[in-house]
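Structure first, commentary second.
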Amino acid sequence: MRIVILTGAGISAESGLGTFRDVGGLWARYDMAEVATPEGFARDPGKVHDFYNARRANAAGSVPNAAHLALGRLVSARPGEVVLVTQNIDDLHERGGAAGVIHMHGELFRALCAACGARWDAPAAMHPGDACPVCGARATRPDVVWFGEIPYHLDRIFDALAKAELFVAIGTSGSVYPAAGFVAEARAVGARTLELNLAPSDVAGAFDAVRLGPASEVVPAWVAEVLGG
Ligand code: APR
């Protein structure tokens with residue numbers, strides 16, 4: 001069965017990484033316009049690097065939870081059948097055993113040169129004066145997708161949705177497009193749809209079924225059903 005899975009910050013919540021819109025979430029503590037937009041980066045690159053350096057340290061100190069491990073098991077057990085798309089920029093899916101993860105909002109542990117487009121593994125901390133290892137320009141940034149920028153790999157994602165038989169959204173509020181519209185794409189081709197979340201998302205009504213509970217409980221239970229134990 002061809003399954004497309006979309007995950008959001010909620011799957012990493014129990015690993016200690018903040019979500020964005022829950023009470024006390026990142027956007028309650030930081031102004032997204034200042035730390036997650038190209039304009040904010042142009043205005044104060046040091047503040048943006050500090051924000052992502054702190055998130056990189058937090059992610060480096062976290063461990064995958066049972067939900068990441070369960071999805072790693074599913075991806076490994078069904079090679080070629082499961083497409084795992086994440087809005088998250090942490091590496092917990094990979095550390096939980098999933099290969100081929102599609103990071104549509106980029107990756108915290110990768111760096112990008114805004115001048116020549118080179119990408120490399122990010123150092124623990126990045127600073128405005130860092131030089132690109134390829135072209136030397138002092139135009140390095142985290143390889144993450146900011147508001148107003150185009151998410152990565154949309155062609156691969158929409159291609160997978162067009163062939164999906166099941167679409168599962170896990171731990172995402174359904175408040176940011178295009179990801180929030182994936183469920184409609186899946187329904188349009190007759191796929192069944194399932195939402196696994198702590199609370200109903202903004203698009204919960206579009207799903208055939210919604211199972212509520214912490215990801216560390218509902219995701220392993222669902223994977224066990226799919227794998228038959
Ligand atoms: N288990 C499962 N779901 C959880 C848990 C948990 N333990 N804790 C929180 N959640 C759910 C919330 O119910 C909510 O639906 O996680 C979701 C968090 O929503 P957001 O904070 O909006 O995160 P997300 O949907 O990933 O945001 C999408 O917005 O700011 C941008 O680029 C950022 O990728 C992010 C995008």
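The values are calculated or read from the model by the stated rules, or taken from the named source; none is laboratory data. Since this is a predicted model, take the numbers as computed values, not measurements. Methodologically, a virtual Cβ is constructed for each residue, glycine included, from the backbone with ideal geometry; neighbour enumeration extends over all protein chains shown. Accessible surface areas use protein heavy atoms only, side chains included; no ligands, DNA or RNA. Shrake-Rupley method; radii C 1.70, N 1.55, O 1.52, S 1.80 Å.
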Phi-derived 3J(HN,Hα) across the range 156-170 with the Karplus relation (6.51, -1.76, 1.60, θ = phi - 60°), rounded Hz, x for Gly and Pro, is 5, 5, 5, 5, 5, 5, 5, 10, 5, 9, 8, 10, 10, 9, 10
The ³J(HN,Hα) series, computed from each phi in the range 32-41 with the Karplus coefficients 6.51, -1.76 and 1.60 at θ = phi - 60°, rounded to the nearest Hz and given as x for glycine or proline, is 4, 5, 8, 10, 9, 9, x, 5, x, 5
If amide H atoms are modeled at 1.01 Å from N in the peptide plane, then the residues at a separation of 5 or more from V210, or on another chain, having amide H under 5 Å from its own are E195
A chain fully extended from E217 to A60 at 0.36 nm per residue, minus the present Cα-Cα distance, gains in nm 54.2 nm
Among M104, G117, P133, the residue whose Cα sits farthest towards the positive end of the charge dipole of the range 38-137 (+1 at Cβ of Lys and Arg, -1 at Cβ of Asp and Glu, taken about the Cα centre) is M104
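Counting only heavy atoms of protein chains, what accessible area per residue, in Å², does the chain have with a probe of 1.4 Å?
Roughly 44 Å² per residue, with all protein chains present.
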HN-Hα couplings for the range 186-201 via Karplus (6.51, -1.76, 1.60; θ = phi - 60°), in whole Hz with x for Gly/Pro, come out as 5, 5, 5, 9, x, 6, 6, 9, 9, 10, 10, 7, 6, 9, x, 7
Length-normalised contact order of the chain, Cα under 8 Å, at least 6 apart, in percent, tallies to 23
Once all protein chains are kept in place, E217 shows an accessible area at probe 1.4 Å, nearest 10 Å², of 120
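Provide the gained length on full extension for the span M32 to A77, in nm with one decimal, where the gain is 0.36 nm per separating residue minus the Cα-Cα distance.
12.4 nm
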With a 1.4 angstrom probe the carbon and sulfur portion of accessible area for the chain, in percent, totals 55
The relative contact order of the range 1-74, taking Cα pairs under 8 Å that sit 6 or more residues apart, comes to a percentage of 27
Listed by chain and number, the residues whose amide H is under 5 Å from that of R110, excluding neighbours fewer than 5 places away on the same chain and using placed H, are A122, D143
Check: C-alpha center the range 120-140 vs C-alpha center the range 66-114, spacing in Å is 24
Helix 66-77 sits off the longest principal axis of the Cα atoms of the chain, rounded to the nearest 10 on a 0 to 90 degree scale, by 70
Contact order relative to length for the range 119-229, counting C-alpha pairs under 8 Å separated by 6 or more residues, stands in percent at 17
At the level of C-alpha centres, the distance separating the range 1-19 and the range 147-196, in angstrom, is 13
